[in-house]
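Only one structure is covered here, and it is reproduced in the block below.
The values are calculated or read from the model by the stated rules, or taken from the named source; none is laboratory data. Since the structure is predicted, the reported quantities are computational estimates derived from the model, not experimental observations. Reconstructed Cβ throughout: ideal geometry from the backbone, glycine too, with neighbour counts over all protein chains shown.
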């Protein structure tokens, strides 16, 4: 049961004016306060919707960032390098951890950075859809790996079996050589470029093919830190995919720098002239991944009565002329509170203390004191893998409430 809340004086991202307002919520946003609601004053904070991570391999985030050459011409070369070493250390040991724990670490990584909806690119593992999984993972999607690691028959069958209103994902043109540049045309020849085609990486797509794909309704998901790490290059700023609304993904830690906040910061550095980079982790994926349909609005008013309240807070102490800059410059420890489905999950101790119905344990995230909901803390303590930078100070088993 979600305790009803009244959030007062929060500056809410969206709309034409960043002015404080009151919100009423339980497991969904309410249009009026509940008489039993707990009132929490959020003066001095900006409230952002939970980000949407358009690409991750959730079971691979316990691997170290890995490459065996300074730069690859295409990601197929990298994939072959890794495949040849899977039975060597550290990969042999890391592959042996329970699937449930490997998936959990991927979910926890995303929760801690405010990415509360995550698109998984790999088989739909059962642990991802448990009610206590740290983030929401959409169940309806089609996918293949790539033109190199999937056969043409597998690609065509997967695409044809995916309903046209469901997104279909493929790693494509992940490179800077002729092989990468040819892949879009190969995919189109197979009849697999359409309105639900979601191209991941796309670094090597030519301008002409980018324009053609955009006209066909295909969309791009870019993962800047992976592309820079493996290929030394990201998507060209002139790409027709970039000039339309595209999406941002974190990829896994096997190739990425960290989490979706790191990707957002890298994206803004690469493309400083794009006016609202936050759109790439919220408005664009909401439209192009079939999430919360018909909720997109010109004014970016992002909550309606009945919506699930997934959000995070960041402190502000200056004029809010560019509210998105708070997120673009943030790291995960800067998020003052993370709420999923109306339930606080982790936050600064003083904020979490304002929710007396939530049992917490003390923790540190990247050296910053935090309080964690005891339910997620118990999962963290039980997991055989550990999240880098996160330390539980208290034993979460059987605790009542931490007093601050």
Selection within the range 139-162 - buried (at least 18 other Cβ atoms within 10 Å of the Cβ) and either touching a helix residue (DSSP H, G or I) at 6+ places or on another chain (Cβ under 8 Å) or at pLDDT below 95 (or both): 142, 143, 144, 146, 147, 155
Whichever residue in the range 258-275 is assigned to a loop (DSSP other than H, G, I, E, B) and under 17 Å from the mean Cα position of the chain (by Cα) and, among such residues, is nearest to residue 91 (Cα to Cα): 258
Given (1) modelled with pLDDT of 95 or more; (2) farther than 18 Å from residue 338 by Cβ, number of the condition residue 398 does not satisfy: (1)
Meets criteria (part of a loop (DSSP other than H, G, I, E, B), over 26 Å from the mean Cα position of the chain (by Cα) and under 24 Å from residue 150 (Cα atoms)) for residue 68: yes
Of all residues making up the range 366-398, the number that are in contact with a strand residue (DSSP E or B) (Cβ under 7 Å, 6 or more places away or on another chain) and either crowded, with 21+ Cβ neighbours inside 10 Å or in a helix (DSSP H, G or I) (or both): 10
Residues being within 24 Å of residue 281 (Cβ to Cβ), touching a strand residue (DSSP E or B) at 6+ places or on another chain (Cβ under 6 Å) and assigned to a loop (DSSP other than H, G, I, E, B) - total across the range 2-43: 3
Residue satisfying all of: in the range 89-109; part of a loop (DSSP other than H, G, I, E, B) and either free of Cβ contacts under 8 Å to residues at least 24 places away in the same chain or surrounded by 16 or more Cβ atoms within 10 Å (Cβ to Cβ) (or both); nearest to the chain's Cα centre (by Cα) among these: 96
Matching residues in the range 209-227 - criterion: being free of Cβ contacts under 8 Å to residues at least 40 places away in the same chain and farther than 18 Å from residue 191 by Cα: 226
Filter pass, residue 86 being in a loop (DSSP other than H, G, I, E, B), out of contact with any strand residue (DSSP E or B) (no Cβ under 6 Å at 6 or more places or on another chain) and on the phi < 0 side of the Ramachandran plot: yes
Matching entry among 114, 14, 50 (being within 26 Å of the chain's Cα centre (by Cα) and either over 19 Å from residue 344 (Cα atoms) or surrounded by fewer than 22 Cβ atoms within 10 Å (Cβ to Cβ) (or both)): 14
Residue list for the range 283-313, filter: modelled with pLDDT of 55 or more, touching a helix residue (DSSP H, G or I) at 6+ places or on another chain (Cβ under 9 Å) and surrounded by fewer than 21 Cβ atoms within 10 Å (Cβ to Cβ): 291, 292
Some residue of the range 48-60 being outside any loop (DSSP other than H, G, I, E, B) and farther than 26 Å from residue 174 by Cβ: yes
Scan of the range 163-178 for residues that are touching a residue at least 60 places away in the same chain (Cβ under 8 Å), part of a loop (DSSP other than H, G, I, E, B) and either in contact with a helix residue (DSSP H, G or I) (Cβ under 7 Å, 6 or more places away or on another chain) or over 16 Å from residue 230 (Cα atoms) (or both), ordered by number: 165, 166, 167, 174, 176
All positions within the range 119-162 that are touching a strand residue (DSSP E or B) at 6+ places or on another chain (Cβ under 8 Å), free of Cβ contacts under 8 Å to residues at least 60 places away in the same chain and closer than 20 Å to residue 82 by Cα: 144, 145, 147, 150
Residue check, residue 238 touching a strand residue (DSSP E or B) at 6+ places or on another chain (Cβ under 8 Å) and modelled with pLDDT under 95: no
